[in-house]
Amino acid sequence: MSTHDAQCRTDTDPAATRDAMTVLICGDAPLESDANAEIRGAIGDGWRAVLAPRGRLLTTSLETAASAIDLIRPDLVLCSGSYLPPTAYFGEMAEAARRSGACTAFWATEDPYEKDASYRIEAHFDAIFTCDHWTRRFYDHPRVFHLPLAASPEQHFAAIDPAAERPVDVLFCGVAFANRRQIVDRLLPLLAGLRVAFIGPGWGSFGGETPGFSDQRVGKSRLIELYTQSKIVLNLGRSLNFENARHQIAASTPGPRTFEAAMAGALQFFHEDTPEIRDYFTEDEVPGFSSPHEFRRQLQRFLPDPAARLGAAKRAQARALADHSYAHRARSLVSTLGHEGLL
């Protein structure tokens with residue numbers, strides 16, 4: 001019997017209700033990126049907020065998940081992160097979940113960039129949640145749902161100080177992927193004379209002798225500090241595919257840093273290569289641009305006006321706290337599974 005046909009526990013015992021359920025989060029596959037490990041930690045923050053004070057949250061590696069399931073008999077087993085590493089084998093975990101009656105769900109946080117390898121999870125989980133809206137239609141599975149990534153107040157929130165010094169005019173932090181280099185190359189004339197910081201692998205050589213371009217890697221806590229020290233944060237989408245040749249799916253949903261930067265109180269200029277950003281933030285919360293002309297207009301509006309920057313940053317942060325924490329995503333996931341009769 002496949003996991004699609006398996007029945008999750010549907011008893012009415014209080015332990016099966018949302019606020020008293022037991023959830024096991026697993027992942028941390030060998031060869032997986034540090035970014036996925038950070039996201040999994042933030043997801044855990046959200047579940048702890050939802051399950052407190054009666055529920056239980058436990059975390060384990062994928063290789064020890066089966067024994068943990070046999071021992072604690074969770075209501076929900078949630079795997080998150082990447083399904084690409086060949087060392088990540090989900091069959092043993094899924095079999096243990098079937099034995100215990102646990103519902104299984106996978107939250108794919110790397111879509112669409114490795115979508116060609118999704119067959120590795122499609123046979124093992126009762127439901128799949130994808131971080132990318134457009135990718136949802138390409139799965140071969142009866143229960144696939146869109147669940148965007150988010151931010152963690154515990155990890156990403158920073159109080160907005162109107163009097164704080166912000167020595168950086170324009171910040172971007174992230175790898176210099178080809179699409180990002182093309183965008184920034186068109187913006188360079190508009191950045192001349194500004195105090196800029198482009199930080200991440202590939203930017204040092206791109207900037208040449210221009211100050212402010214660095215190949216440095218920064219951790220999450222340092223990144224939050226940089227947000228608080230910058231007047232404007234550029235939000236440029238990613239274009240790094242690992243296994244996405246079959247359908248060549250273009251990402252549609254904003255990545256996690258959109259929500260993280262908003263939670264940190266940053267004013268973001270979002271490069272609008274997808275209109276889906278407006279499902280999460282209004283133009284008054286996260287201003288957008290799609291051309292150098294529009295970028296110039298946004299610069300002229302916000303750079304000389306601290307009150308305008310402060311207002312937009314406050315509105316974006318309030319929106320992130322109200323709608324886009326990992327606790328909100330956990331509640332949405334549980335609601336979806338309940339509606340499907342899986343919990």
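A few points about this structure:
- Cα shape, the stretch 273-343, gyration tensor, a/c 1.5 rule: oblate
- Take 109-115, 132-138 and order them by the average number of nearby Cβ atoms within 10 Å per residue, most first; the result is 109-115, 132-138.
- Under 13 Å from the Ser290 label point (7 Å along Cα→beta-carbon), backbone N, the stretch 248-280: 271-278
- Taking the Cα centre of the chain as reference, the dipole from Cβ charges on Lys and Arg (+1) and Asp and Glu (-1) amounts to some 700 debye.
- Taking the Cα centre of the stretch 162-309 as reference, the dipole from Cβ charges on Lys and Arg (+1) and Asp and Glu (-1) amounts to some 260 debye.
- The calculated FRET efficiency for His247 paired with Ala163, based on their beta-carbon distance and R0 = 51 Å, is about 0.55.
- Computed over the chain, the quotient of the alpha carbon radius of gyration and 2.2 N^0.38 Å is 1.04.
- Taking label positions 7 Å along the Cα-Cβ direction at both Gln298 and Tyr119, the computed distance is 4.1 nm, reported to one decimal.
- With all pairs of separate Cα atoms included, the stretch 155-323 yields a Kirkwood hydrodynamic radius of 16.3 Å.
FYI, it's all coordinate maths here, none of it is from the lab. What you see is a predicted model, and the numbers here were worked out from it, not measured in a lab. Ideal geometry is used to build each Cβ from the backbone, glycine not excepted, and the neighbour counts take in all protein chains shown.
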